[in-house]
Structure formats: C-alpha cells, structure tokens
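The values are calculated or read from the model by the stated rules, or taken from the named source; none is laboratory data. Everything numeric in this text was worked out from a predicted model, so none of it was measured. For neighbour counting, all protein chains shown are included, and Cβ atoms are generated from backbone atoms with ideal geometry for every residue, glycine included. Note: accessible area is taken over every heavy atom of the protein model, side chains too, but ligands, DNA and RNA are not part of it. Shrake-Rupley method; radii C 1.70, N 1.55, O 1.52, S 1.80 Å.
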Amino acid sequence: MDIEARIRRRQRRSGEPRIVQDYDALSPVVHVEEPSGRGPVLEQLLDHLDPIFERSLPPTAYVWGDGGVGKSAVVTALFEHLDRMLTGTGSVIHTTTRARSTPAPDFVYVDARVDDSEFGLYHTVLDGLVDEQVPKQGVRTDSLRSRLMERLSGTDRAVVAVDHVDELDTLGLATLHDAFDGMDDRLSWIAVGRTPPEELSSELLPPEHIHVPPYQQHALVDLLTGRASDGLARQSFDHEQIRRVAEWAEGDAHDALTALFGAAEVATGEGHGRIHERDLGAGLDAVPRPTVALGRVLTLPENRQLVLRTLVDLPDEATTSVGEAAESVAAAPGVDLSPSTVKRYLYELAEEGITERVTTERRAESAGRPPSRLEPRFPTLVFSRLYDLQRE
C-alpha cells in the first residue's frame, strides 16, 4: 500500500470513528510476512526443500488442507523469504562437498485462480526468472514453453509453487505434469490444494505429501489478536470477542478474519467507537457457512466482480428472480453491460457455486415453473469493502 493511499483513506474517514486503522492487516486475502501458528508446517516445508542447500532440487510435492488453514500464507511467505535470502544479487549456495558454488534456484509462486491456463502458468514462471518484461500479447503458448526450457537449459533452475490446484476452473495436477514435462532436472514444483491425496489419481499425485491441519483454537486466537492489534484502533475490541470468533471459526482463519473485519465495518457504520456485541454478532452472521473464499471471488474477471458488487447492493424486491436481478444490475450506474450478458454471468456464477439459486414461492394465480432468486455464498459485507478499496 503506498503512502498516498493511506493519506486518502484518512481524509475520507475524517470526522468518523476510525476503528479500522489498516485494512490490509484485517483482510483475509492479504498474507502477512510472518504467519503465526504454522511453525510445524513451515518446518515440514523446509525439510522438503532442504536439497536446495546441497545444490539439488527437491522432488515434486503436494501441500494440502482445508480452506482457511494457512496453506497460501505459509507457502507465499516461505517463497518470498527464500527468494530474498538465496537469490538476491550475487547470492549463491555454498556447500562443503565441493570447492565451487552454484546459483540458488529461483522461487516462483503461481496462483492458479489467476493463471488458469498453460499460457498463464508459463508466463508467470518465465516472468519470475527473467529481468525483462514477458509479453502477454502476440505470443503463443508453445513459444513461452520453448523460451522457458531455453532459460532452464543453462545453470538456471526453479522451484515453482502452484496454489489452488484442482479447484473449479483452475489448473489441475494433470496440467502441471504436462506443462512441466521434460523439465524435471531443472524445475521442481509444489502443488497446493484442498483435495485429500486419497481422492486424487495415484499416477498424478506427487511423491511427497504435506498436510496442513486446521488451526488450534489457541493458535487462531493468537493470529487474530496479532492482526487485530495491527489493524484496529486501540481498545476497539477485547480478548473475549477474539476468543468467541476463534471458537466460532473452528480452525478457519479466513472465516475468522472475515467475521472480525465485518464486525469492524458494522461498528463503523453504526458510528460506534468500539466493536459492540451486536456488531460482532452481525459480523459473524455476514459469513455464510460454508463460505466461498474471498480470494476466489476477488480473482474473478472484472465484469463478473462488477456484477456481484452491484447485485449485493440491490434491494430484495429487485432480485426476486434471476431475470429481474439482471435487469436491475444492467440498469445500475457504472454498469455497461446488457441485461442478457448480466443474466448469463449470473447463471454462470450460480453454476460455479459463487451464488446459489433459491426457488421463491409462486403466487397462487401464477402458472409454470416458479422463479428463483440468487443468494450469495460469499461474505458480501467484506467483499464490498475490499472491492471498493481496490478501486480507490
């Protein structure tokens, strides 16, 4: 976040209760540099990556666990630290087995929700290996693959983490095998996903498996306390509220942070100087269970995010059916989409589980199939704030 953005936010909140001091600290889609409560997992990952300190690449691996357990937080933080400590200018790995030294591998993180094709995968990996900008227009997938293999034909090597594997409309293990075929001696990859290993094809599953369990309640309390201390005004919350959120979240840091963020938003909207119990209750109620991760919603194409942002602000009478919702969204200020396009988006979002079609009661005099309305399956309160902040 740049300095001007911070100043603008303070100007905008001038004269209002400022419970939230730093939105990034509370955001469930922002990962901190030093994740808390995941020490054992971090050690397992370092054990797996240990060959890099002996001038070798580790085998492929699969990191798995439920949503909100900190998989992305740990992997991104570890890769950032390794990249900074081992691959900085002039950085080399020194070994005791031979007199000469060799460059450390590059560490590249790929979000499969964003880079959901082989083209996007190659582009992000290559962009992490070269200094010059890699073009996205006028270049074919096979050209990017050839350039990547050429880059790895010398002394360069890479360890690539691909997050959110095998989710809906993201990259799968089969794609990773095909995409990195022929690069085994120069590139190692780590897939990060939610599916238990026993539910995946044994032919595609990497040999190493690292499980990330849900947070223990005390660990989640520590995480929430640290993030709240950084993001909220002093004396705007108390420990009992943190404990209540952690107990409610059942080990899911995403849901816990989202509920706390939502409670702070409700308190601010009510003009309160601190989070009251009814604010906290509203924050908890604003997170559907199970919920769609906000990281998934905020990586949807721009037009679909705009449709959702407009949809959640519509009054109930404007969303009694998908058709009426589409007409209302298309007519809203700032939406330059036709009703038919919006309607298609709404049906697609329902098919993807972002929203849910709920059948409404049919009037006695009506005939035919009863209409259905759309119910969001994601935390709309926090989504709206994060969406608006990104565009400010």
Exercise. So which residues in segment 16-62 are in contact (Cβ under 8 Å) with a residue 24 or more places away in the chain and of a type in the set (Ser, Thr, Tyr), if there are any at all?
Worked result: Tyr23, Ser27, Ser36, Thr60, Tyr62
Problem set entry | Hey, Glu352 at pLDDT below 95, within 20 Å of the chain's Cα centre (by Cα) and either of a type in the set (A, V, I, L, M, F, W, C) or within 24 Å of Pro28 (Cβ to Cβ) (or both) or not | yes
Exercise. Hey, His218 hits all of (1) closer than 21 Å to Pro379 by Cβ; (2) in a helix (DSSP H, G or I); (3) within 26 Å of the chain's Cα centre (by Cα) but one; which does it fall short on?
Worked result: (1)
Seminar exercise, completed: Residue set Leu168, Leu204; condition surrounded by fewer than 18 Cβ atoms within 10 Å (Cβ to Cβ) and touching an Asp or Glu at 6+ places or on another chain (Cβ under 6 Å); output residue Leu168
Exercise. On the given criteria, is Leu168 without any contact (Cβ under 8 Å) to a residue 40 or more places away in the chain and farther than 24 Å from Val41 by Cβ?
Worked result: no
Exercise. Is there any pair with a first residue in segment 280-305 that is within 23 Å of Gly334 (Cβ to Cβ) and a second that is of a type in the set (Ser, Thr, Tyr) and surrounded by 20 or more Cβ atoms within 10 Å (Cβ to Cβ) whose Cβ atoms are under 6 Å apart and which are 6 or more apart or on different chains, and what are they?
Worked result: Arg304/Tyr345
Seminar exercise, completed: Residues of segment 340-357 being assigned to a strand (DSSP E or B) and over 10 Å from Val322 (Cα atoms), in sequence order, are Thr355, Glu356
Problem set entry | Members of segment 267-290 found to be surrounded by 22 or more Cβ atoms within 10 Å (Cβ to Cβ) and under 14 Å from Thr380 (Cα atoms), listed by number | Gly283, Val287
Exercise. Take the residues of segment 292-303 that are open to solvent by 30 Å² or more (accessible area, probe 1.4 Å) and out of contact with any strand residue (DSSP E or B) (no Cβ under 9 Å at 6 or more places or on another chain): which is farthest from Asp24 (Cα to Cα)?
Worked result: Asn303
For this session: Would you confirm whether any residue within segment 316-327 is surrounded by 15 or more Cβ atoms within 10 Å (Cβ to Cβ), within 22 Å of Asp22 (Cβ to Cβ), touching a residue at least 12 places away in the same chain (Cβ under 8 Å) and of a type in the set (Val, Ile, Thr)?
Result: no
Problem set entry | Filter result (in contact with a Leu (Cβ under 9 Å, 6 or more places away or on another chain) and either basic (Lys, Arg) or not in a strand (DSSP E or B) (or both)) within segment 204-215 | Leu204, Leu205, Pro206, Pro214, Tyr215
Exercise. Looking only at residues in segment 168-209 that are under 20 Å from the mean Cα position of the chain (by Cα) and of a type in the set (D, E, K, R), which one is farthest from Glu351 (Cα to Cα)?
Worked result: Arg194
